[in-house]
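Novice: This is the structure I want to talk about, given as structure tokens.
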Amino acid sequence: MQLWFARGSEVSIREQLVTQVILGILGDDLAPGQRLPSTRELARRFHLHPNTVSAGYRQLARDRWVEYRHGSGVFVRANKPEIQISPALALDQMIAGVFRSARKQGISLPVLRARLRQWLELQPPDHFLLIEPDEELRRIVAAEIQQAVSLPVMSCGLQDCPKMLDGSIAVALPNRVATVRQALPEGTELLTLRLRSVPSSLGQWLPAPADALVGIASKWPEFLKLARTMLSAAGFHPDSLVLRDVRKPNWQRGLKQTAAVVCDSVTAKELPAGCRAIPFSLLAETSIDELRRYVEFVSRPLEAAL
């Protein structure tokens, strides 16, 4: 197992040793029963004080990661202790994995440090960028994202996305991912949004009420088709569905006579007073949760994260 020690760090040498040994055991770099270097050997190799190494080994033994065998040395225990991994240790484990992978690929430590420094100096993203060619769909999905997250949400088509990427978290709908990736610089991270499944959206409509007029309104033609298909599948008679294309004049006509209007999140704010709006969200809850986790990841202070 390769060890590194940073002198002058806020983290003590003893804690650096303990953490790296634990990560080695968790990552199976150190196998059960494997003998660790002796205190004298480790101190000589890394120019450490023997008392520092001894203190680290004693802590590892107390926490049941290693065991002393009289006359033989310090060995990794056969069974790992049952502990709950802290966020800080989990992060250390991921970083250690990066170092292991780099070592296996022959990447030197100075090169790895330089690349890590470049990543750390990047400006953290401060907004989402929805990349979607369909303008009306873009407006709807951007509005849904903005309702769910605290970061600003911008949107654009394929041609404008390369010049709008700075400081953004790029997102796209699943059917556009391949096309969007072709328009992005190589290596750009792209979050894929998942759409709400039709079956999960039908629960509130079943069984279909008899003789009830239901409106369907949107500027996005595909939404009108989707909602009509969805409600027909739920048992609504086609004659009971009132479709309104919001792009056309007098689109509000007749909607006040309906029991409710199924619409997208943007159209819901434009319905005539007195209409009962039932917004149909396009994005799945799993995508909303992922976006919120991303906001927390880029916004959470380091002290709180650790």
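Novice: Once amide H atoms are placed 1.01 Å from N in the peptide plane, what residues at a sequence separation of 5 or more from Val242, or on another chain, have their amide H within under 5 Å of its amide H?
Specialist: Val214, Gly215, Ile216
Novice: Also: I'd like to check one number: the per residue accessible area of region 1-60, probe 1.4 Å, reported in Å² as a whole number.
Specialist: 54
Novice: What is the spread of the Cα atoms of region 224-304 along each of their three principal axes, largest first, in whole Å?
Specialist: Principal extents (Cα only, largest first): 59, 28, 20 Å.
Novice: Give the distance, in whole Å, between the Cα centre of region 66-81 and the Cα centre of region 9-61.
Specialist: Centre-to-centre distance over Cα atoms comes out at 13 Å.
Novice: Okay, moving on. Find how many whole Å separate the alpha carbon centroid of region 102-117 from the alpha carbon centroid of region 244-291.
Specialist: Taking the Cα centre of each part, region 244-291 and region 102-117 sit 53 Å apart.
Novice: Would you work out what percent of the accessible area of the chain, with all protein chains in place, is carbon or sulfur (probe 1.4 Å)?
Specialist: Roughly 52 percent, rounded to a whole number.
Novice: Relative to a virtual label point 7 Å from the Cα of Thr188 in the Cα→beta-carbon direction, which members of region 156-175 show backbone nitrogen distances below 12 Å?
Specialist: So the set is 156-172.
Novice: So, one more: How high is the relative contact order of region 45-178? Use alpha-carbon pairs under 8 Å, at least six apart in sequence, and give a whole percent.
Specialist: For region 45-178, the relative contact order is 18 percent.
Novice: Could you sort 242-248, 139-145 so that the peptide with the highest average Cβ count within 10 Å comes first and the rest follow in order?
Specialist: Averaged packing, sorted descending, gives the order 139-145, 242-248.
Novice: Return the label of the correct value of Kirkwood radius over Cα pairs in Å, as calculated from the structure shown, out of [x] 19.6; [y] 24.4; [z] 20.3.
Specialist: Read-out taken from this structure: [y].
Novice: List the trypsin sites (Lys or Arg not before Pro) in region 44-75 that DSSP assigns to loop (not H, G, I, E or B) and whose Cβ has at most 15 other Cβ atoms within 10 Å. Which are they?
Specialist: Passing sites in region 44-75 are Arg64.
Novice: Also: Starting from the 7 Å offset along Cα-to-Cβ, what nm value, one decimal, do you get for the label separation of Gln159 and Asn250?
Specialist: 3.6
Novice: Right, here's the next one. Calculate for the chain the 222 nm mean residue ellipticity that helices alone would give, adding -39,500 (n - 2.57) per DSSP H run of length 4 or more and normalising by residue count, nearest 500 deg cm²/dmol.
Specialist: After summing the helix terms and dividing by the residues of the chain, the value is -12000 deg cm²/dmol.
Novice: Rounded to the nearest 5, what % of the DSSP beta bridges within the chain are antiparallel ones?
Specialist: 20
Novice: Also: Return one whole number: the accessible area per residue of region 102-151 in Å², for a 1.4 Å probe.
Specialist: 63
Novice: So, one more: Using a 1.4 Å probe and counting only protein heavy atoms, arrange Ile107, Ile25, Ile13 so the residue with the most accessible area comes first.
Specialist: Of Ile107, Ile25, Ile13, the descending order of accessible area is Ile107, Ile13, Ile25.
Novice: Can you tell me the relative contact order of the chain? Whole percent, Cα pairs under 8 Å, sequence separation 6 or more.
Specialist: 13
The values are calculated or read from the model by the stated rules, or taken from the named source; none is laboratory data. What you see is a predicted model; the values in this text were computed from it and never measured. No Cβ is skipped: glycine too gets one built from the backbone with ideal geometry, and neighbour counts run over all protein chains shown. Quick note on the areas: whole protein, heavy atoms, side chains included, nothing else; ligands and nucleic acids left out. Shrake-Rupley method; radii C 1.70, N 1.55, O 1.52, S 1.80 Å.
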